Amino acid sequence: MSSATENHVGPRTTGKVRPHQTQNERLVFEKSSPGKKAYKLPPLDVPAIDVAALLGETHRKVAGELPELSEIEIIRHFTRLSTWNYAIDLGMYPLGSCTMKYNPRVNEFVSRIEGLAEAHPYRPDALAQGILDVIELLQKCLIEITGMDTITLQPAAGAHGEFTGILLVRARHESNGNPRRKVIIPDSAHGTNPATAAICGYQVENLKSNADGGIDLEALARQVDEETAALMLTNPSTIGVFENQIHKIAEILHAKGALLYMDGANMNALVGKVRPGDFGVDVMHLNLHKTFSTPHGGGGPGSGPVACKAFLEPFLPTPVLMTKADGTKGWNYDRPQSVGRVRAFYGNTGMFIRALAYILANGPDGLRQTTEDAVLNANYIRHKLEDLYELPYKTPSMHEVVFSDKRQAAKGVKTGDIAKRLIDYGFHPYTVSFPLIVPGALMIEPTESESVEELDLFIAAMRAIAKEVDETPELVKTAPHSTRVSRLDEVGAARKPVLRWKPA
Ligand SMILES: *Cc1c(COP(=O)(O)O)cnc(C)c1O
């Protein structure tokens, strides 16, 4: 290891590769050589058939260009790639706004129980009562946790939940004769909020946050009028601040017939403590893949249920779960005011099973404890780092803490550099440059999964990096030094991704 990386707390992924791999980039991925096989078939013990004759003109004349490798080469290739990656199973994943908590293995086990995992969506209701029970119980739990009246589990992600929720808002206003024109969104909002309002046909009106990072009630009162369909509010906000005037915000909106939408992606700070339904929220979404422990990242399936008050119930997407006259469960498609279907079948059922397993395993006390631990962990980090990193909002932090790179930027080191240096210390970076209302943001969310020992390692790494910024800023500006590749062309990677092997 170079002197640059001597004082590591200890990287957990070895970016180390064998010399021939670094010398010849081509050898890392181009491993094919003609004639190699990863399988062996037993000798043919039936008469051979003439495949060409059987397939006729669909028989391909030129062999497909597939890599040819032995079994051990394939295994080593994928195992090696896995060691160049980072995962929650290797260490803390402090990616703010994402709630990258650990997903207990038992949830995975439960979601794979054959009768649940293999329940086909076309199975007749009479044969699907077990999985329908699971769905109903999860609905009941989430309604209880949010304090709302009803729910749909259909949406496949948070942004999809927002879309569904604002469709409900629109349908409700339309049923009153006017869909209204605009949706108000604070400047601290997650980027998906304005995108949602726009795609639902609304004009987005920005609302500037006050000095505490919250809503300025007077500015809001001036802005809300009879053309306001809703306010979309993330609570706690993206700077990890709880909006403690929320009931007054609801009153201001309701007085003009506008609705309060809550982006509930940050419910990890509220579950078991307060319920949005009790503080005036009309409709909200949850991210099961954040708060309720479904593994995420990597684009896997998610789930963004939408919970709402009873007056929005007629507009819920079809189908909705119902109890039939004979007491069995089934799907109700007879919903004349429904916004229609937003997802195939009834959403990502595997996520429902994981979420229910998580909720039942924790119970009410466990969920409350989880929330308290998540908030405690964020505040522990805040307390241990605020002497070295600028804290732009002094308002109490909930489940995440947002610093800025103001002091380090004076030395020419930006939040992105510090994040990349964290990789050398064995941590996944925090969220960089978001939320936008904090220039040079370092957004850190430890979640409740982390022990004090792991938090101390992270804090030690962040403190060591702050020291490096003072003494050897170049070291930070050129990080990471321990990974297989260092700084990447991030724009190129996003615009022209190379996601699969193609023949050379
Ligand atoms: C993650 C997040 C979303 C979007 O959720 P996806 O499942 O990624 O679509 C929306 N709002 C906030 C505040 C979030 O943190």
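Can you give the net charge of the other residues whose Cβ lies under 9 Å from the Cβ of residue 37, counting K and R as +1 and D and E as -1? Net local charge, residue 37 excluded: 0. If R0 is taken as 45 Å, the Cβ-Cβ distance between residue 326 and residue 108 corresponds to a FRET efficiency of 0.80. For residue 324, the lysines whose Cα falls under 22 Å of its own Cα, not counting residues fewer than eight places away in the same chain, are 140.
Averaging Cα coordinates gives a centre for the range 70-87 and one for the range 371-403; these two points are 38 Å apart. Restricting attention to the range 359-442, the count of lysine pairs at 8 or more positions apart or across chains with alpha carbons under 19 Å apart stands at 6. Dipole magnitude for the range 330-441: about 320 debye, using +1 per Lys or Arg Cβ and -1 per Asp or Glu Cβ, origin at the Cα centre. In terms of the mean number of neighbouring beta-carbon atoms within 10 Å, the peptides 413-424, 366-377, 115-126, 488-499 order highest first as 413-424, 366-377, 115-126, 488-499.
Peptide packing: for 323-332, 344-353, the average count of neighbouring Cβ atoms within 10 Å per residue gives the ranking 344-353, 323-332, highest mean first. The modelled label-to-label distance for the pair residue 218/residue 493, using points 7 Å beyond Cα in the direction of Cβ, is 4.7 nm.
In terms of packing, defined here as the mean over residues of other Cβ atoms within 10 angstrom, the peptides 433-439, 57-63, 335-341 line up highest first as 433-439, 335-341, 57-63. Charge dipole (Cα centre; +1 on Lys/Arg Cβ, -1 on Asp/Glu Cβ; no other charges) of the chain amounts to roughly 1260 debye.
None of the figures in this text is laboratory data; all of them are computed from the coordinates on show. None of the values given here were measured: they were computed from a predicted structure. Neighbour counts are summed over all protein chains in view; Cβ atoms, including those assigned to glycine, are modelled from backbone coordinates with ideal geometry.
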